[in-house]
Structures are given as C-alpha cells and as structure tokens.
Amino acid sequence: MKKIQAPFFCVNPKGYLFGSELLELAKAADELSKRYQLTVFFTVPFTEAYPIIRNTENLIVTAQHMDGISRGKGMGRIFPESLISAGFKATFLNHAEHPMTYHELEQAVRRAKESELYTIVCANSVTEGKAVALLEPSIIVCEPTDLIGTGKTSDSSYMKECNLAIKEISRKTKVLQAAGISTAADVKKALDSGADGTGGTSGIVCSDSPKEALTELIQYVAKYKES
C-alpha cells in the first residue's frame, strides 16, 4: 500500500447522487486529483462502483462500509475480498449512519489490513477517537455526530485536541477533519488545526453546482499544500 500523502481530500456523496450525476462528479474529482497531484478518496455506493472504477484512474475509490466477518458466510454482508475484486482501494467504517460495535470494528480493520485496503474510521468524540487509534487504521475522521449535515464545522480547539490525542497513540494514522466543510475558509480551518486531510458531503453535493463546489475546495487544498 502506498503512503497517503497529506494534505488529502475525501469526497463522500453518501446516497445523494447516483448514476450519471455521480459518475460526472467522480470524473471531475479524478481530473482534479491528477491536475493538482493530490490524494483524493471518493466514496461510492456498492451498486455504483463499476462505472466509476472503470472511468477513473487517480481516485482512491472507497466503499461506504465493510463487514469484518470471514469470507463465505453472512448473507448480504460486504467482504474485503469482494471489495478488492470490484476494484475498491479503501473502505469507510463506523459512520454515524452505519455504526459498528468496537468488536465489529476491530475485526473489520484487521480484515481490511489483511486485504491491503485503506480504512477510514469515524469517531464521534476525542474519547472514541483515542479508542479507535488503538486499532491503527489508515485514517480517523473526527466528526461529532450532531454536526453531520448541519454545515457547521467543529471548533478549532476540538480539532486540535482530537489531532493530538490520536497522534499520541498512533503516529501512523492520519486524521481527517470534515464536519461541515463547505468553503475554502472551512478547509483552511481544518488544515490549520494540524489535520492531515479534509473533505465534504452536503457542502458539495447539495450545492447549486457540485462540480464547482468540489473544484473550489480541492483547489484550496492544493494551494495550501504549496504554501
């Protein structure tokens, strides 16, 4: 697995976009990743994976969930082997809209590592972030659940506290601050806190022009990288 280069960006359309709209946004993100030489994670629903993986080259296409159970059992579950076979390179875990027990999370992170999938694990608090850091995932998303979809970012002191707490436990884990990111100023605030990356959902996909919103945010990450 290649080392994740900071600062990176994560586009998480969740279930807002499908079909041609989602594919066009993925193509735009792919072109921006290439143009600015940035690591860009792009999450997609499982049913939308094939056309996006086939039509992009630079994105780290990311599953929105994975189960940590053994291959061959668990009707309807998502296995790391199936993600690898489909072309995924990473998976989200423990999002507030798809929570996992700590035991489930430990199994999923371990299975993902065995399959060489990057893991992006969500944590709702500093305390939860510290517990997740013990598992040494690729990335931890420090996002209070009550800020999801509100357009409000975490305050700077919270971001800095999370960043430091996680790094003290797992130096190899990157930290993503993404709550309420919708403007270049939000990106600057997140990266100034010491986070390794940032990203967005509603600030992009719910805007009047998702492509323009995405371009503005990624261009600022690129500008920040060069500063």
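The values are calculated or read from the model by the stated rules, or taken from the named source; none is laboratory data. In this text, all values refer to a predicted model and were calculated from it rather than measured experimentally. Please note: Cβ atoms are built from the backbone with ideal geometry, for glycine as well, and neighbour counts cover all protein chains shown. Note: accessible area is taken over every heavy atom of the protein model, side chains too, but ligands, DNA and RNA are not part of it. Shrake-Rupley method; radii C 1.70, N 1.55, O 1.52, S 1.80 Å.
With respect to the numbered conditions (1) part of a loop (DSSP other than H, G, I, E, B); (2) charged (D, E, K, R); (3) at pLDDT 95 or above, which one is the sole condition not fulfilled by ARG111?
ARG111 satisfies every listed condition except (1).
Would you be able to say whether some residue in segment 90-98 is open to solvent by 70 Å² or more (accessible area, probe 1.4 Å), over 22 Å from LEU23 (Cα atoms) and of a type outside the set (S, T, N, Q)?
yes
Scanning segment 100-116 for residues that are touching a helix residue (DSSP H, G or I) at 6+ places or on another chain (Cβ under 9 Å) and over 21 Å from MET1 (Cα atoms), which turns out surrounded by the most Cβ atoms within 10 Å (Cβ to Cβ)?
The qualifying residue surrounded by the most Cβ atoms within 10 Å (Cβ to Cβ) is MET100.
Considering each residue of segment 124-140, count those that are in contact (Cβ under 8 Å) with a residue 40 or more places away in the chain and aliphatic (A, V, I, L, M), and give that number.
Of the residues in that region, 2 qualify.
Hey, among the residues in segment 180-222 that are farther than 24 Å from GLU24 by Cα and of a type in the set (Lys, Arg), which one's most open to solvent (accessible area, probe 1.4 Å)?
Result: LYS188.
Under 6 Å by Cβ, and 6 or more places apart or on different chains, what pairs join a residue from segment 61-90 that is closer than 22 Å to LEU25 by Cβ with one that is part of a loop (DSSP other than H, G, I, E, B) and open to solvent by less than 10 Å² (accessible area, probe 1.4 Å)?
Listed pairs, sorted by first residue: VAL61/PHE88; ALA63/PHE88; ALA90/LEU117.
Scanning segment 117-127 for residues that are out of contact with any Asp or Glu (no Cβ under 8 Å at 6 or more places or on another chain) and at pLDDT 95 or above, which turns out surrounded by the most Cβ atoms within 10 Å (Cβ to Cβ)?
Step one: list which residues in segment 117-127 are out of contact with any Asp or Glu (no Cβ under 8 Å at 6 or more places or on another chain), which gives 117-121, 125, 127.
If we keep only those that are at pLDDT 95 or above as well, we get 117-121.
Values: LEU117: 24, TYR118: 22, THR119: 26, ILE120: 30, VAL121: 26.
Of everything passing the filter in segment 117-127, ILE120 is surrounded by the most Cβ atoms within 10 Å (Cβ to Cβ).
Just a yes or no: is a residue in segment 164-171 charged (D, E, K, R) and part of a helix (DSSP H, G or I)? Talk me through it step by step, then tell me what you get.
Of the residues in segment 164-171, the ones charged (D, E, K, R) are 167-168, 171.
Of the ones still in play, those that are also part of a helix (DSSP H, G or I) are 167-168.
Checked against the condition, which is being charged (D, E, K, R) and part of a helix (DSSP H, G or I), segment 164-171 yields at least one hit.
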